1. Return the long-range amide H neighbours of Ser88 (sequence gap of 5 or more, or a different chain), with a cut-off of under 5 Å between placed amide H atoms.
2. Within the set Lys44/Lys115; Lys7/Lys127; Lys57/Lys137; Lys7/Lys57; Lys57/Lys118; Lys6/Lys115, which residue pairs have Cα atoms separated by over 27 Å?
3. May I ask for the longest run of the chain untouched by trypsin sites (Lys or Arg not before Pro) that are loop-located per DSSP and have at most 16 neighbouring C-beta atoms (other than their own) within 10 Å?
4. Tabulate in residue order the Karplus-calculated ³J(HN,Hα) for segment 22-32, using 6.51 cos²θ - 1.76 cosθ + 1.60 with θ = phi - 60°, rounded to whole Hz; enter x for Gly and Pro.
5. Based on C-alpha coordinates, I'd like the Rg and Dmax of segment 54-166, in Å.
6. Which Cα, out of Gly154, Ser88, Gly36, lies furthest along the positive dipole direction of segment 3-165 (beta carbon charges, K/R +1, D/E -1)?
7. How about Lys96: which aspartates and glutamates have a C-alpha closer than 14 Å to its C-alpha, ignoring those fewer than 8 places off in the same chain?
8. What is the chain's relative contact order, in percent, from Cα pairs under 8 angstrom and six or more apart in sequence?
Amino acid sequence: MSVEIKKVKYYPELREIAALADIIWHECYGELLGQGQVDYMVEKFQSVDAMTEQIEKQGYTYLSVCDDEELCGYIGIKPEADDRLFLSKLYLRNDKRGRGTASAMLNYVFEEARKIGKKRVYLTVNKHNSHAIDVYKKTGFVVADTAVTDIGGGYVMDDYIMEYVL
Ligand SMILES: CC(C)(COP(=O)(O)OP(=O)(O)OC[C@H]1O[C@@H](n2cnc3c(N)ncnc32)[C@H](O)[C@@H]1OP(=O)(O)O)[C@@H](O)C(=O)NCCC(=O)NCCS
């Protein structure tokens, strides 16, 4: 297993990430949120158009995670105006989980945050996404707040806001 994390620079890579996101989001949120909400969220947040807009207009960076040169996960980050980096996305295909790859992904994010002088990394996670919450807690994130966010289409996201102090 040789994991490589690198910044996404080209449109074809974004297309591959969109296809992977479609698979992972349906697998991990299908039961939790229902098919309709997952379809809506994938289109709104992880389609090529949505990610292009996030990168070009909202300051997001996407990172690809490859194992032996095969795309198997991705990360989305955005520096805030204050001392925080927003960890917007952290996704790994299910057959690649349980091997410590998320720790490598999180360490990469912490390093990126330090490089640009940030002091904290924060994220939002669905309150029922217990595995991800366990991983974040084990890494040193703590629950800082909760948020119910209206994402349109009659859907809401019911999240914890978790924070890691660098
Ligand atoms: C969240 C996700 C990226 C984590 O990846 P993973 O491969 O399952 O996690 P890892 O095996 O790399 O574990 C990371 C660390 O947490 C620890 N860990 C894993 N499960 C744990 C648990 N239940 N309790 C405590 N620690 C745990 C691991 O031991 C590892 O620590 P180590 O590297 O020091 O040994 C992955 O499960 C995923 O993509 N899930 C679906 C998408 C998702 O929910 N993303 C988050 C959205 S907010």
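1. Gly76, Ile77, Lys78
2. Lys44/Lys115; Lys7/Lys127; Lys57/Lys137
3. In the chain, the maximal stretch lacking such sites is 10-96.
4. 4, 5, 5, 5, 5, 5, 8, 10, x, 6, 5
5. Rg, Dmax (Cα atoms, Å): 14.2, 41.
6. Sorting the options by dipole projection puts first Ser88.
7. Glu4, Glu27, Asp67, Asp68, Glu69, Glu70
8. Values: 245 pairs, mean separation 30.6, N = 166.
Relative CO of the chain lands at 18 percent.
A short reminder: the numbers here are calculations on the coordinates, not readings from a lab. Worth saying up front: this structure is predicted, and the values here are computed from it rather than measured. Here Cβ is always computed from backbone atoms with ideal geometry, including for glycine, and neighbour counts include all displayed protein chains.
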